[in-house]
1. Hey, does segment 102-112 have a residue that's open to solvent by 40 Å² or more (accessible area, probe 1.4 Å), in contact with a Pro (Cβ under 9 Å, 6 or more places away or on another chain) and either within 15 Å of GLY203 (Cα to Cα) or touching a residue at least 60 places away in the same chain (Cβ under 8 Å) (or both)?
2. In the list LEU148, LEU133, LEU201, which residue meets the criterion of being open to solvent by 20 Å² or more (accessible area, probe 1.4 Å) and more than 23 Å from VAL63 (Cα to Cα)?
3. Is it the case that segment 177-191 has a residue that's more than 24 Å from ALA70 (Cβ to Cβ) and either open to solvent by 50 Å² or more (accessible area, probe 1.4 Å) or among the aromatic types (Phe, Trp, Tyr) (or both)?
4. Failed condition for ALA170, given (1) over 23 Å from TRP210 (Cβ atoms); (2) of a type in the set (A, V, I, L, M, F, W, C); (3) assigned to a loop (DSSP other than H, G, I, E, B), with all others met?
5. Restricting the first residue to segment 40-62 and requiring it to be of a type in the set (Asp, Glu), which pairs with a second residue that is open to solvent by 70 Å² or more (accessible area, probe 1.4 Å) and part of a loop (DSSP other than H, G, I, E, B) meet a Cβ separation below 9 Å and a spacing of at least six or different chains?
6. Within segment 27-44, can you find the residues that are open to solvent by 80 Å² or more (accessible area, probe 1.4 Å) and farther than 17 Å from GLU123 by Cα?
7. Exactly one condition in (1) under 20 Å from VAL81 (Cα atoms); (2) in a helix (DSSP H, G or I) is false for ALA212; which is it?
8. Kindly evaluate ALA107 against the criterion of being under 23 Å from GLY184 (Cβ atoms) and in a helix (DSSP H, G or I).
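The values are calculated or read from the model by the stated rules, or taken from the named source; none is laboratory data. Keep in mind that this is a model prediction, so the values were computed, not measured. Methodologically, a virtual Cβ is constructed for each residue, glycine included, from the backbone with ideal geometry; neighbour enumeration extends over all protein chains shown. For the accessible areas, the whole protein counts, side chains as well, though only heavy atoms, and no ligand, DNA or RNA atoms are used. Shrake-Rupley method; radii C 1.70, N 1.55, O 1.52, S 1.80 Å.
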Amino acid sequence: MATIVQETKPSSRRYAVPLASVAIAVAGTIGVIGLADAATESDGLAALDPEFTADVVSDRTPVLTTLARALTFVGDVPVLVTLMLIAAFLLWRWTHGLRAPALLLFAMAGSAALTAGLKALVERKRPGVPFVLGPIDTGFAFPSGHTLNSTVFFFTLAALLWVGLRSYGARTALAVAATLMSIGIGLSRVYLGYHWATDVLAGWTVAVTWLALVSLVAYFTRPREA
């Protein structure tokens, strides 16, 4: 009986990661569909966007504006691409293999494709010119590309670095840093008037959904134990 129990436990744990990833991906997909519908119909959470944005804009300060611009800069496509290439190179040198950098590049390629595809599909307009603090962006708003792409980048990188860290403090700091960057960049887009709150929420939701699928790829491509 003891032998049977010992053989069963590893078997059940084997499917925990893929089952959790699939569940998160399904829930996230449903959430994105709901947010996209609300953004298209201007109802649900999207109905609160104009009032929320007006409140955020009214609370602008020089210090917050400087911080928001710095965070948005980090989430710009050229900056993220540069960071991605540097990170991929360093991961290659650190791990002496191609799997980690390939996973990072795969995650970011999918993130970029989802950003472009959903923007073209939903075709939501950005907040009006009076809200914008900076150059005007005429592209579509849903989802926030800065939010989606930066969240995928920082969390994928954190996950890849996580496995090589043994210190609980280092792992905690890594997770906190990735979370703060994701939240900060997302909020900066509303603060600067480039996105509605539901665009940013959609960016986070799509990112979590995609990261769940990336984790599946990482799980099934992991090195097998001898």
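1. So far as segment 102-112 goes, no, none of its residues is open to solvent by 40 Å² or more (accessible area, probe 1.4 Å), in contact with a Pro (Cβ under 9 Å, 6 or more places away or on another chain) and either within 15 Å of GLY203 (Cα to Cα) or touching a residue at least 60 places away in the same chain (Cβ under 8 Å) (or both).
2. LEU201 is the lone residue from the list that is open to solvent by 20 Å² or more (accessible area, probe 1.4 Å) and more than 23 Å from VAL63 (Cα to Cα).
3. Taking every residue of segment 177-191 in turn, none turns out to be more than 24 Å from ALA70 (Cβ to Cβ) and either open to solvent by 50 Å² or more (accessible area, probe 1.4 Å) or among the aromatic types (Phe, Trp, Tyr) (or both).
4. Status for ALA170: all satisfied but (3).
5. Filtered contacts from segment 40-62: ASP49/SER42.
6. If the condition is that a residue be open to solvent by 80 Å² or more (accessible area, probe 1.4 Å) and farther than 17 Å from GLU123 by Cα, then ILE30 is the only one that fits.
7. With respect to (1) under 20 Å from VAL81 (Cα atoms); (2) in a helix (DSSP H, G or I), ALA212 is out only on (1).
8. Spelling it out, ALA107 is indeed under 23 Å from GLY184 (Cβ atoms) and in a helix (DSSP H, G or I).
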